[in-house]
1. Could you check region 83-93 and list, in sequence order, the residues that are free of Cβ contacts under 8 Å to residues at least 40 places away in the same chain and either in a loop (DSSP other than H, G, I, E, B) or surrounded by 20 or more Cβ atoms within 10 Å (Cβ to Cβ) (or both)?
2. Could you check T99 against (1) more than 18 Å from S151 (Cβ to Cβ); (2) within 10 Å of the chain's Cα centre (by Cα) and say which number it fails?
3. Scan region 149-174 residue by residue and report those that are open to solvent by 50 Å² or more (accessible area, probe 1.4 Å) and on the phi < 0 side of the Ramachandran plot.
4. Take the residues in region 175-194 that are assigned to a strand (DSSP E or B) and in contact (Cβ under 8 Å) with a residue 40 or more places away in the chain, then tell me which one is surrounded by the most Cβ atoms within 10 Å (Cβ to Cβ).
5. Within region 109-116, identify whether any single residue is open to solvent by 10 Å² or more (accessible area, probe 1.4 Å), free of Cβ contacts under 8 Å to residues at least 40 places away in the same chain and under 15 Å from D32 (Cα atoms), and answer yes or no.
6. Identify the residue in region 195-211 that is surrounded by fewer than 16 Cβ atoms within 10 Å (Cβ to Cβ) and not acidic (D, E) and, among all such residues, is nearest to the chain's Cα centre (by Cα).
Amino acid sequence: MASEISPKAEISPKAKIGNNCKIFPFVYIEDDVEIGDNCIIFPFVSICDGSRIGKNNKIHQGSVIAALPQDFNFRGEKSYVEIGDNNIIRENVVINRGTHRDGVTKIGNNNFLLEGTHISHDTVVGDHCVFGYGVKIAGDCEIHNGAIFSSSAIQNANTRVGRLALIQAGTTFSQDIPPFVIVGGKPLEYGGPNNTMMREAGINEKVQKHIANAYRLLFHGKTSVFDVINQIKDQVPDSPEIQTIIQFLENTKRGIMCK
């Protein structure tokens, strides 16, 4: 089915628009843009060069996709934003493209970005994540599947958030947040395992208890992260989820929160 495109939208003839899209008045789309099938682009959205947008996405008023990076290292190189399928991007969301040549900011599938979210250059977001009102994600960050950011949370540069982690409202952090946890407060504190989301994800109660034990070793022990990894391997029954925790801890570069 042909797309429904308002004559009041300003769209480059070089842009590639999929089938059955609806593009409202006053949308601005530049040359080097690709949009998949069944997308809805609401009024006053700007989709800039380097945008690669999948299928079934809804992008609401005032959002800017592939905005120039807010990075002093940017020299005008060609870079990209890649957005998967089935994402909802609400009003006034800004997603910056990569800083360096062929750099990419990636948003996966089935994510929900609420009003005022900002995803900065070269950040990689997985699937099924939620970003609350006014969440700000700095450059070069990594956010794994199912992470939830409550309103006004701020993630500083070069940090990671693990799978199914919950960041409470107003939290600012500069170190990695491991998988399956709830964190928040000023100063930042570990608030326990995220049992609600683990249950929703089909992680059974026995494994949830093993995860809680792993995090007792991490957050209540007095040893280094290196030693905690060995303790988890020795003391906690193995499972894919425990391996996820171990691998996350092993790969930290900025350190783990509260350690």
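1. First, the residues of region 83-93 that are free of Cβ contacts under 8 Å to residues at least 40 places away in the same chain: 83, 86-93.
Hits for region 83-93 are I83, N86, N87, I89, R90, E91, N92, V93.
2. Status for T99: all satisfied but (2).
3. Pass one, region 149-174, residues open to solvent by 50 Å² or more (accessible area, probe 1.4 Å): 152, 154, 156, 158, 163, 168-169, 172, 174.
Answer for region 149-174, where residues must be open to solvent by 50 Å² or more (accessible area, probe 1.4 Å) and on the phi < 0 side of the Ramachandran plot: I154, N156, R163, Q168, A169, T172, S174.
4. First pass over region 175-194, keeping only residues assigned to a strand (DSSP E or B): 176-177, 181-184, 189-193.
From what is left, the residues that are in contact (Cβ under 8 Å) with a residue 40 or more places away in the chain are 176-177, 183, 189-190.
On the way: D176: 24, I177: 26, V183: 23, E189: 15, Y190: 21.
Of everything passing the filter in region 175-194, I177 is surrounded by the most Cβ atoms within 10 Å (Cβ to Cβ).
5. No: zero hits.
6. Restricting attention to region 195-211, the residues satisfying the condition of being surrounded by fewer than 16 Cβ atoms within 10 Å (Cβ to Cβ) are 196, 199-202, 204-206, 209.
Cutting the leftovers down to not acidic (D, E) gives us 196, 199, 201-202, 204, 206, 209.
Values: T196: 20, R199: 21, A201: 18, G202: 22, N204: 26, K206: 29, K209: 27 Å.
Ranking the candidates gives A201 first.
The values are calculated or read from the model by the stated rules, or taken from the named source; none is laboratory data. Bear in mind that the values here come from a model prediction, so they are computed numbers and not experimental data. Note: ideal-geometry Cβ built from the backbone for every residue, glycine included; neighbour counts use all protein chains shown. These accessible areas exclude ligands, DNA and RNA; they are computed on the full protein's heavy atoms, side chains included. Shrake-Rupley method; radii C 1.70, N 1.55, O 1.52, S 1.80 Å.
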